[in-house]
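K.L.:
Structure provided below as structure tokens; questions to follow.
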Amino acid sequence: MTSEAPQDTLRRLDVSVLPLARFRPLATSQLIKVEQAAAAQGDQALADAARLLSHAVNLHLREEERDQPFGPAQVFLGVPLFEQTMLTSETGVRLTSAATELLAAAAHHTEHPALQARAADLLWTFGRDFQAGSVAVTQYVAWAQAVVGEDWMGAVDALTRAHTIAPALGRRQPAVETVRNAVVRHLDNPALGQTWAAERLMGLLLRDGDQAPAWAELATQYAQAAADSSAWFLANRYWQMAAAWHRKAGQPDESGRALVQAAETHVREGEQVFERTGRHLDMVPHLEQAIHQLRGVPGTRPRVFALRRELLTHQEYSVDELTRREYAVPVNHRLLDEVGTVLRGQPLKGALYRLGTLSWEEPVQKLRDDAEAAVRQFVVLHSIPQRQINAEGRTVVTSGAGESRVEQEMFTQQTLNYTVTALPVIQAARLALLEEHDVRTEDLLPILQACPIVQPDHLRSICTGLIDGLYGNFLAAAHTLVPQLEHALRELVDLMGGLTSRVDADGTQDAVDLGTLLRPGDQATLLEDALGPDFLFQLRGFLVERHGANFRNKIAHGLAGDREVHTYGQVAWHLMWQVVTGLAAADSEAGPATV
């Protein structure tokens, strides 16, 4: 910047023409135009000032954040307001001297409350200038008062930021009372009750410990008015706020009644939507939200039961409203030919071992790479919560976000791999073996006896399950082998020195469940050492993860129908074959056989 005084530059810039309503986007746009025009005319002082102010105005503010209201240091890279060399150090973020001078002039020597508030806030946040902090509170309140009629969101944001700064200046400072009075004054405006502005302002008072019973009454009035106009989302928020005020005042019964009314807004909204569309699918999420909101509210059990019955009815009918899509899965004939080549021409014992060494699971790293690529490619899709429903229309899986979404996608891809690769490989291998060999129980017993994790009193069960599956009876094989596979894995952990039981407070010792064995932890580390990370992840997704096949839980609780048991029974059968042959004494004539 040139040597012109900041006050003089601001006077020439004429900040009074900057809008108050929708200040951030509109003022930023105007300042950028001023910068461009000044630069074209060779007025560098004005261009520099407009550039700095446009960056100051455009910084995103998180109103209730105390420590980093404008974000972490990384977001300031390239922003000319800040010393760039400081952003990667541990000494904190610092304004440049030019920015400090200009912001001080804007805070103390202009007549524009929005610009004054933003400039003073930056000086307070990055310089702990207490005078600037006091100015920021005062001007945020003035800004809110000026725009409440045309920009109530901006007004509430301004009051929220003033409410965040004021206590940091000192609890006994007049700024605290100034903000409270401003909030109360705005709550006297009935128009704010037609938006969620009053609810946000009530939340500020609630956090301050205010116990005025009038706020519960006001929230109730706003909730009823919103319900009368079918503004259900708004009514729900105000009923919840009324419940919070009653709870604060030590009125649990009134609080409970308000929470019931909040939950009923979901039912009323769903009924309106269903009446309009006639789609049961549209009614389902509203009933689910109502049930969720009634949880923990005393005396609501009969109502929850009635809503649950209604939900089940709508879910049952909703299945017929789903769009059915079928996809052709290409068959990799080269892969299947290779499977047959591996098994054909082998003596029986070698063929049995080679059947167990066939590999079809995807490496964990490939699953992660593919999942991360899918999340990046379809950002919007993966940012929206999704759900899977079963044949009765009931939600069995909901999807999250972030790292959990990546792992969920990994299990989803893993499940798709069963259809594309695993089932064709297993079927081809099984048939190739039976083309040349008539396998009997006595052929398998030596292999199972050589496996250190197959206990004598489990030998016949495992052998029967493997024979059933080999000859295509996967219904019987699945019900036999899945619990035996869980026991075998527990034996493997025990063999490697891990704990497979826990002691309850009363001294009872229960075996750890399969989820504990397979999910990250001490037992899973031992299993990974023995079986490898790819195979362990396969077991985890197939047996216990909701976003995977979750086959162990489904079959144990009778949740899988015959078709699903037959399909996934093939995978369970081959997983057990892989485990027992892989750990059996390696005196087979078979060589490595990875396909």
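The values are calculated or read from the model by the stated rules, or taken from the named source; none is laboratory data. Note that the structure is a prediction, hence the values are computed from the model and not measured. Note: ideal-geometry Cβ built from the backbone for every residue, glycine included; neighbour counts use all protein chains shown. Only protein heavy atoms, including side chains, enter the accessible area calculation; ligands, DNA and RNA are left aside. Shrake-Rupley method; radii C 1.70, N 1.55, O 1.52, S 1.80 Å.
K.L.:
So which helices (runs of 4 or more DSSP H) stay within region 90-160 end to end and still have 3 or more residues that are farther than 29 Å from residue 205 by Cβ and more than 34 Å from the chain's Cα centre (by Cα)?
P.N.:
Working: elements: 97-108, 113-127, 130-147.
In region 90-160, 97-108 are the helices (runs of 4 or more DSSP H) which contain 3 or more residues that are farther than 29 Å from residue 205 by Cβ and more than 34 Å from the chain's Cα centre (by Cα).
K.L.:
Here is a follow-up. Is region 30-43 home to any residue that is under 19 Å from residue 113 (Cα atoms), touching a residue at least 12 places away in the same chain (Cβ under 8 Å) and of a type outside the set (Gly, Ala, Ser)?
P.N.:
Taking region 30-43 as the starting set, the residues that turn out to be under 19 Å from residue 113 (Cα atoms) are 30-31.
Still in the list and also touching a residue at least 12 places away in the same chain (Cβ under 8 Å): 30-31.
Now narrow it down to the ones that are of a type outside the set (Gly, Ala, Ser): 30-31.
Yes; the residues of region 30-43 include at least one that is under 19 Å from residue 113 (Cα atoms), touching a residue at least 12 places away in the same chain (Cβ under 8 Å) and of a type outside the set (Gly, Ala, Ser).
K.L.:
Same structure again: Looking at (1) more than 25 Å from residue 517 (Cα to Cα); (2) open to solvent by less than 60 Å² (accessible area, probe 1.4 Å); (3) assigned to a helix (DSSP H, G or I), which is the only condition residue 448 fails?
P.N.:
(1)
K.L.:
Further question on the same structure: When you look at residue 524, is it over 21 Å from residue 477 (Cα atoms) and assigned to a loop (DSSP other than H, G, I, E, B), yes or no?
P.N.:
Details: over 21 Å from residue 477 (Cα atoms): yes; assigned to a loop (DSSP other than H, G, I, E, B): no.
The answer is no for residue 524.
K.L.:
Condition first: at pLDDT below 90, farther than 26 Å from residue 222 by Cα and open to solvent by less than 60 Å² (accessible area, probe 1.4 Å). Can you find one or more residues in region 176-185 that meet it?
P.N.:
Checked region 176-185: at least one residue is at pLDDT below 90, farther than 26 Å from residue 222 by Cα and open to solvent by less than 60 Å² (accessible area, probe 1.4 Å).
K.L.:
Which of the numbered conditions does residue 462 fail, given that it passes all the others? Conditions: (1) aliphatic (A, V, I, L, M); (2) open to solvent by 40 Å² or more (accessible area, probe 1.4 Å); (3) in a helix (DSSP H, G or I).
P.N.:
Of everything listed in (1) aliphatic (A, V, I, L, M); (2) open to solvent by 40 Å² or more (accessible area, probe 1.4 Å); (3) in a helix (DSSP H, G or I), residue 462 misses just condition (2).
K.L.:
Looking only at region 476-495, decide whether some residue is open to solvent by 40 Å² or more (accessible area, probe 1.4 Å), at pLDDT 90 or above and assigned to a loop (DSSP other than H, G, I, E, B).
P.N.:
Within region 476-495, none of the residues are open to solvent by 40 Å² or more (accessible area, probe 1.4 Å), at pLDDT 90 or above and assigned to a loop (DSSP other than H, G, I, E, B).
K.L.:
If I go through region 516-542 residue by residue, how many of them are without any contact (Cβ under 8 Å) to a residue 24 or more places away in the chain and open to solvent by 40 Å² or more (accessible area, probe 1.4 Å)?
P.N.:
Within region 516-542, residues that are without any contact (Cβ under 8 Å) to a residue 24 or more places away in the chain and open to solvent by 40 Å² or more (accessible area, probe 1.4 Å) number 4.
K.L.:
Going through region 143-175 one residue at a time, which ones are open to solvent by 40 Å² or more (accessible area, probe 1.4 Å) and among the aliphatic types (A, V, I, L, M)?
P.N.:
Taking region 143-175 first, the residues open to solvent by 40 Å² or more (accessible area, probe 1.4 Å) are 145-146, 149-150, 152-153, 157, 168, 171-174.
Listed by number, the residues that qualify are 146, 153, 168.
K.L.:
Let me ask another. In this structure, does residue 292 turn out to be open to solvent by 80 Å² or more (accessible area, probe 1.4 Å) and not assigned by the TED database to the domain that holds residue 397? Even if it seems obvious, please write down each step before you answer.
P.N.:
Values: open to solvent by 80 Å² or more (accessible area, probe 1.4 Å): yes; not assigned by the TED database to the domain that holds residue 397: yes.
Yes: the conditions hold for residue 292.
K.L.:
For region 413-444, give me each residue that is closer than 14 Å to residue 339 by Cα and of a type in the set (Val, Ile, Thr).
P.N.:
The answer is 421, 425, 426.
K.L.:
Here's a follow-up. Output the residue which, of all residues in region 401-419 that are open to solvent by 30 Å² or more (accessible area, probe 1.4 Å) and at pLDDT below 85, is nearest to residue 344 (Cα to Cα).
P.N.:
419
K.L.:
Tally up the residues in region 433-445 that are open to solvent by less than 40 Å² (accessible area, probe 1.4 Å), in contact (Cβ under 8 Å) with a residue 60 or more places away in the chain, assigned to a helix (DSSP H, G or I) and farther than 14 Å from residue 578 by Cα, please. Break it down into steps so the answer makes sense when it comes.
P.N.:
Kept after step one, since they are open to solvent by less than 40 Å² (accessible area, probe 1.4 Å), are these residues of region 433-445: 433, 437, 439, 443-445.
Add one more test, that the residue is in contact (Cβ under 8 Å) with a residue 60 or more places away in the chain, and what stays is 433, 437, 439, 443-444.
Then drop every residue that is not assigned to a helix (DSSP H, G or I), which leaves 433, 443-444.
This time we only want the ones that are farther than 14 Å from residue 578 by Cα, so: 433, 443.
Going through region 433-445 one residue at a time, the tally reaches 2.
K.L.:
Another one. Got at least one residue in region 551-563 being assigned to a helix (DSSP H, G or I) and either of a type in the set (Ser, Thr, Tyr) or not assigned by the TED database to the domain that holds residue 416 (or both)?
P.N.:
Within region 551-563, the first condition is being assigned to a helix (DSSP H, G or I), and the residues that meet it are 551-556, 562-563.
With the extra rule that they be either of a type in the set (Ser, Thr, Tyr) or not assigned by the TED database to the domain that holds residue 416 (or both), the set shrinks to none.
Checking region 551-563: not a single residue is assigned to a helix (DSSP H, G or I) and either of a type in the set (Ser, Thr, Tyr) or not assigned by the TED database to the domain that holds residue 416 (or both).
K.L.:
Residue under question is residue 546, and the condition is that it be open to solvent by 30 Å² or more (accessible area, probe 1.4 Å) and either closer than 28 Å to residue 365 by Cβ or touching a Cys at 6+ places or on another chain (Cβ under 6 Å) (or both); does it hold?
P.N.:
On the way: open to solvent by 30 Å² or more (accessible area, probe 1.4 Å): yes; either closer than 28 Å to residue 365 by Cβ or touching a Cys at 6+ places or on another chain (Cβ under 6 Å) (or both): yes.
Yes: the conditions hold for residue 546.
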